[in-house]
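Every read-out reported here was derived from the displayed coordinates using simple, explicitly stated rules and does not represent laboratory data. Every value quoted in this text rests on a predicted model; they were computed, and no experiment measured them. Reconstructed Cβ throughout: ideal geometry from the backbone, glycine too, with neighbour counts over all protein chains shown.
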Amino acid sequence: LVSRQWKTAGTVIDLGDGVTISERDFTVMAGPCSIESEEQIERIVAELVKQNVKIMRGGVYKPRSSPYSFRGLGIDGLKLFYQHCKANGIKIITEVMQVSQIEEMLPYVDIFQVGARNTQNFNLLDALGEVDKPVMIKRGISGSIDELLQSAEYVFSAGNEKLLLCERGIRTFENAYRNTFDINAIPILKEKSHLPVIADPSHGIGIRKHVDKITLAALAAGADGAIIEMHYSPEKAFSDGQQNLNFAEFEKLMNRLSVLKQAI
Ligand code: PEP
Ligand code: MN
């Protein structure tokens, strides 16, 4: 069902209020790794409004390698996140980690993100198949392209056709960077599936000064959008500060993306 043989035209994700994600639009979603405070939300929303970015990312349920790391503000953080986004016409993408969270999150979420650690949580995928909200599925930490497509097939076959695929890098023997961003996956996924393909260069390389180059490469490779971590003060971020762009870096990237978009 997620294959190009089944449907040749690219799927368009309509988030309402004129916000859509469609083939070759290169929609940018941006925001912090984690939602941290009301002040943080306000400052980042203001920057997104300035850059005309319509979708904000930010985790309130965080899958962390260590149980002692910051694990997110939970549903109260999501409500705050929603208030400020709603008031500014911005849509929300945030991670759902388990089935029991879906119902409480539903009114406040525009796109449910399935994280790399949950790509093959088949009960979660089944449950998201019954939800009337878009779902972005990230490629598993050591997941193949086919496994990502099969995970999408779970959600689609359970009834939810509003799906996005995300390449966020995979684990390889290389340790000079956080993950190996698989640029090859982009044209392959585009060829195999009608679903929008979103690049996550932040987790894909994990090194702030190189996030811009990987984002531009993803656009050139045919991605339909990117999800980018940014923070006014990356050094102070509660999670993933090493890969968050600051506002000046983000603005520069947005400008370069618009130049490259014209050129290709
Ligand atoms: C995230 O988006 O902050 C995240 C935890 O990503 P991933 O699931 O790709 O590691
Ligand atoms: Mn992160």
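Within the chain, the ratio Rg/Rh, alpha carbon atoms throughout and Rh by Kirkwood, equals 0.92.
Dipole orientation for the chain: of the candidates Gly206, Met29, Val49, Gly206 has the Cα lying most toward the positive pole (charges on Cβ; Lys, Arg +1; Asp, Glu -1).
Of Gly204, Gly74, Gly59, the residue with the greatest mean-square motion in the GNM of the chain, using alpha carbon springs below 10 Å, is Gly74.
Please compute the length gained on full extension between Asn123 and Ser233, using 0.36 nm multiplied by the number of residues separating them and subtracting their Cα-Cα distance.
That works out to 35.9 nm of additional length.
Summarising the label geometry, the points placed 7 Å from Cα in the beta-carbon direction at Ser37 and Ala9 lie 4.8 nm from one another. Loop by DSSP (not H, G, I, E, B), at most 15 other beta-carbon atoms within 10 Å: where is the longest site-free stretch of the chain for trypsin sites (Lys or Arg not before Pro)? Counting only loop sites that pass the neighbour cut-off, the longest clear stretch is 172-264. Calculated on the Cα set of region 199-264, radius of gyration then Dmax: 11.6, 37 Å. Which of the chymotrypsin sites (Phe, Trp or Tyr not before Pro) found in region 107-209 are in a DSSP loop and have at most 11 neighbouring Cβ atoms, other than their own, within 10 Å? Answer by residue number: Phe173. For Ser144 and Asp132, the difference between the fully extended length at 0.36 nm per residue and the C-alpha to C-alpha distance is 1.6 nm. Going from the fewest other Cβ atoms within 10 Å to the most, the residues Met254, Met105 appear in the order Met254, Met105. For the chain, the dipole from Cβ point charges (+1 on Lys and Arg, -1 on Asp and Glu) about the Cα centre works out to 600 debye, to the nearest 20.
Sorting Thr8, Thr180, Thr119 from the fewest to the most surrounding beta carbons within 10 angstrom yields Thr8, Thr180, Thr119.
Fully extending the segment from Tyr177 to Asp25 would add 51.9 nm, taking 0.36 nm per residue of separation and subtracting the current Cα-Cα distance.
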